[in-house]
Amino acid sequence: MSFTQTLAKRIGYGLLLLIGVLILNFTLISIAPGDVADSIAGDMGGADVTVIEEIRERYGLNQPFHIQLWRYVSGVARLDLGFSYFYNTPVTSLILEKLPATLLLVFSSQILAIVLGTLLGVLAAKKPNGIVSLLVTFLSLFGFAAPVFWSGILLIIAFVSIFPLFPVGGMTDVTVEGGWFIQLLDLLHHLFLPMITLASIYLALYSRLARASMLEVLGADYIRTARAKGLPQRAVLYKHALKNALGPLVTVAGLQFSAVMSGAVVVETVFSWPGLGTLALQSILARDTPTIMGILFFSSFVVIVVNILTDITLRLIDPRIKTG
Amino acid sequence: MKKHLLAATLALTTVATTTVVADEPKNGGTLVMAIQTTPRHLNPAVQSGTATGQPGTQLFASLLRYDEGWEPQPYLAKSWEISDDELSVTINLVEGATFHDGKPITSEDVAFSIDTVKANHPFKSMFAPVTAVETPDPNTAIIKLSEPHPALMLAMSSQLLSIIPKHVYGDGQDPKTHPQNSENVVGSGPFKLVEFKRDQHIILEKYDGYFMEGLPHLDKIVMRIVKDGAARTIALESGELQLSGFEQEPRDINRMKKKDTLNVSNVGYAAIGPVNWLAFNTQNGKTADPVVRQAIAYAVDRNFLIKAIMLGATEAALTGIHPGSPFYDATVEPYDLDLDKANKMLDDAGYAKGADGMRFPLTVDFGWASAKPVAEYLKPQLKKIGIDVTVRASADFPTWAKRVSNHEFDITFDNVFNWGDPVIGVHRTYNSQNIKKGVIWSNTQQYSNARVDELMALAGATNDQEARKKYYAEFQQILANELPLYPLYPSPYHTISNKMVGNAPDSVWGTSHPLDRVYLK
């Protein structure tokens, strides 16, 4: 099978999967009792029966399930993600409005976690039974075990309440005036705590992975050879071992993308970070089906695309992976 | 003609006196305050709820305003008169008032606003008896009524009647989804919209053409949307936030009371009137029997709930009318804790205890996290009178709302707002005509009593305050006896303000009230 055929097949599978995800999500949301008319009424402190009926009528909520599903899926096929009942805005513009904040948080925390995690892992692997290794193991376990909403609140208490170094939440302080540099500093000031919080859990993962991977590589014959020919420790570690140990780390980092997005939901809520996570939570609570569906569709789309790209990349760089 | 000009003049004098006694307000500065959720949009004419109400009352003026004493005060209406037959209300508008685009606010806009609210607002009872709004001249609007309508006064205040420009919202688009509900808002109030970023902030700026002389004092208000209560508390303590209304977490309130940079006040909110209660299904199951409901009331220790769960941050509510309302009747049976009496009532009614000490099972529902401790308290407590309680949590609000509005419950914790006059927010809970399946906060108890219906009709159709008090007293006495719901306490709404904030809001509408007199010291 040629490369083009494989690619076409992958894309075909991806599309089928996407349709499956849409139908499954729509069904699951529809099964839950109550609808957005209830949450709008709740938000308004109650509403007259005519108002509730009008909302259900307007959004087609009293139509049979299959008609609602068909309307939605055919809308998505026309690249129309629908209209948010709750926010009174097209879903696409809502998602695009929130996306930059989430991407900033996700990428900055991932970069921090990967860089710092790898460094710690390497340090720990240098002396597997040393104090540094123990410390890294302890921190990793702590990072894994501590839920992010808890560590987030701890950081707020420490660095906002006791030592008021950072703002309690949000992405910018609108009362700060100044040029782009001042605005950038303000943004970084707000980003710091949520970034650290989201990074903590992945820092644990990457440092453990880097440590294990390094230990494995350090036991390999070519490392012994490198040492035998008198290379300094630094060169052995960073030039020979790390390069080869990075493989699994990069693969895992790619696969973690969807997990980081879900972690962002919690972190964004704790820090009032105005991203997709906050939007997802708010729409789930409000039973705002088009927005929830839009976010789920968008994230599934991203994950599927990333997976196809990973497949292709692996196939291109590793000739051992056969076609078909 | 009953002249209310006197009331208006008196009210003005009171305002003037208050202003003199207090510190001299300063002009300028930016107030950073919190609101707890992102509003769907900013136009209170077609959207209820305090999320829209707090920014909405800054953007749009109403005809009247109320302070903490329930007295109507002039706002866009400089005076008002009610005719002798109580079927027409003449509103005299202040002269020279303009919208944020500079166009004059006229009686046409008042008529348009009332029509829009009547057609689109979720509370239909506010303007239901309005048959027409006449506009003999640009500064006079005459509201014609099919019957006397005492709720009109409160319905013309705060977020319930925003005066919106006809030349903007009368363009033929559906006002509920009008694009200018969220951006390029053309308001009539003290502040105009600079920016609304969902889940982030709403920035408001002083409107220089505001019709009230010398107001507003502030240059800018930044409303930050902070959902997390702990985050708001920390930000208030650190001074990052200077004002927050509708705070109701007892632990946070008590903590902030100890902070000497903060003022913590429970004044106001009586018109919002949030009352928490245990609602009973009066048509199906064991709770259809009033004796069972009364026995449960005797077994529930309201004072314990207030002290232990609400940490003393609120008080008892003996009826479904908020204790701060002029119609509240504190003389009803309070059902103080009496387990022996409760047991005896159930024994006498024939609900014998089985071998396991239980008489019958009941389900207790709750729809939000803060209600959980109360629901859980009921399990061991009602066991003492032989009722086997199953606490049923709902995944989210719509799930709970579906169960309760479809009458699939025995007992549920509930929190319902009075919304100003009892006609607007109280009648809906008890009116037998309002048993509507699928509608939350209708008469979900399915309670029906002809005399109660009659009393509500009488109290809702006279402007005679004393007569209304009498009707509502009898109404509350009957309800306290038949107990379609057992009232517990009002939500402990507090306004938290930094001590640098002068004239912190104390209206019956809480912070859903124009902040034009607020200043920074």
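The values are calculated or read from the model by the stated rules, or taken from the named source; none is laboratory data. Note that the structure is predicted; figures quoted are calculated from it, not measured. Don't worry about glycine lacking a Cβ; one is built from the backbone with ideal geometry, like all the others, and counts go over all protein chains shown. All accessible areas refer to the heavy atoms of the entire protein, side chains included, with ligands and DNA or RNA removed. Shrake-Rupley method; radii C 1.70, N 1.55, O 1.52, S 1.80 Å.
Quick notes on this one:
- Subset of the stretch A:49-84 (residues that are within 14 Å of chain B (Cβ to nearest Cβ), open to solvent by less than 30 Å² (accessible area, probe 1.4 Å) and in contact (Cβ under 8 Å) with a residue 60 or more places away in the chain): A:Gly82, A:Ser84
- When we screen B:Arg428, B:Arg451 for residues that are in contact with a helix residue (DSSP H, G or I) (Cβ under 7 Å, 6 or more places away or on another chain), open to solvent by 50 Å² or more (accessible area, probe 1.4 Å) and part of a helix (DSSP H, G or I), the only hit is B:Arg451.
Listed here are the residues, each with its yes/no results for (1) more than 14 Å from every other protein chain (Cβ to nearest Cβ); (2) of a type in the set (Val, Ile, Thr).
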residue	(1), (2)
A:Gly219	yes, no
A:Ile223	yes, yes
A:Gln233	yes, no
A:Tyr238	yes, no
A:Ala241	yes, no
A:Ala253	yes, no
A:Gly275	no, no
A:Leu285	no, no
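- Residue within the stretch A:34-48 that is surrounded by fewer than 16 Cβ atoms within 10 Å (Cβ to Cβ) and either hydrophobic (A, V, I, L, M, F, W, C) or within 14 Å of chain B (Cβ to nearest Cβ) (or both) present: no
- Residue in the stretch A:18-28 that is part of a helix (DSSP H, G or I) and within 23 Å of B:Gly367 (Cβ to Cβ) present: yes
- In the set B:Asn43, B:Asn27, only one residue is away from chain A (no Cβ under 14 Å) and modelled with pLDDT of 50 or more; that residue is B:Asn27.
Residues checked against (1) away from chain B (no Cβ under 14 Å); (2) open to solvent by 20 Å² or more (accessible area, probe 1.4 Å); (3) basic (Lys, Arg):
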{"position": "A:Leu112", "(1), (2), (3)": "yes, yes, no"}
{"position": "A:Thr118", "(1), (2), (3)": "yes, no, no"}
{"position": "A:Ala125", "(1), (2), (3)": "yes, no, no"}
{"position": "A:Ser133", "(1), (2), (3)": "yes, no, no"}
{"position": "A:Ile157", "(1), (2), (3)": "no, yes, no"}
{"position": "A:Val160", "(1), (2), (3)": "no, no, no"}
{"position": "A:Pro164", "(1), (2), (3)": "no, yes, no"}
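- If the condition is being assigned to a helix (DSSP H, G or I) and within 16 Å of the chain's Cα centre (by Cα), then the stretch B:24-73 contributes B:Thr50, B:Ala51, B:Thr52, B:Gly53, B:Gln54, B:Pro55, B:Gly56, B:Thr57.
- Condition check for B:Arg255: free of Cβ contacts under 8 Å to residues at least 24 places away in the same chain, of a type in the set (D, E, K, R) and part of a helix (DSSP H, G or I): yes
- Scanning the stretch B:391-412 for residues that are open to solvent by less than 10 Å² (accessible area, probe 1.4 Å) and assigned to a strand (DSSP E or B) yields B:Ile411, B:Thr412.
- Criterion applied to B:Asp347, B:Asp338 was being outside the structural domain of B:Asp67 (by TED's automatic domain parsing), open to solvent by 20 Å² or more (accessible area, probe 1.4 Å) and in contact (Cβ under 8 Å) with a residue 12 or more places away in the chain, and the one residue passing it is B:Asp338.
- Test: B:Leu204 is on the phi < 0 side of the Ramachandran plot, in contact with a strand residue (DSSP E or B) (Cβ under 9 Å, 6 or more places away or on another chain) and not in a loop (DSSP other than H, G, I, E, B): yes
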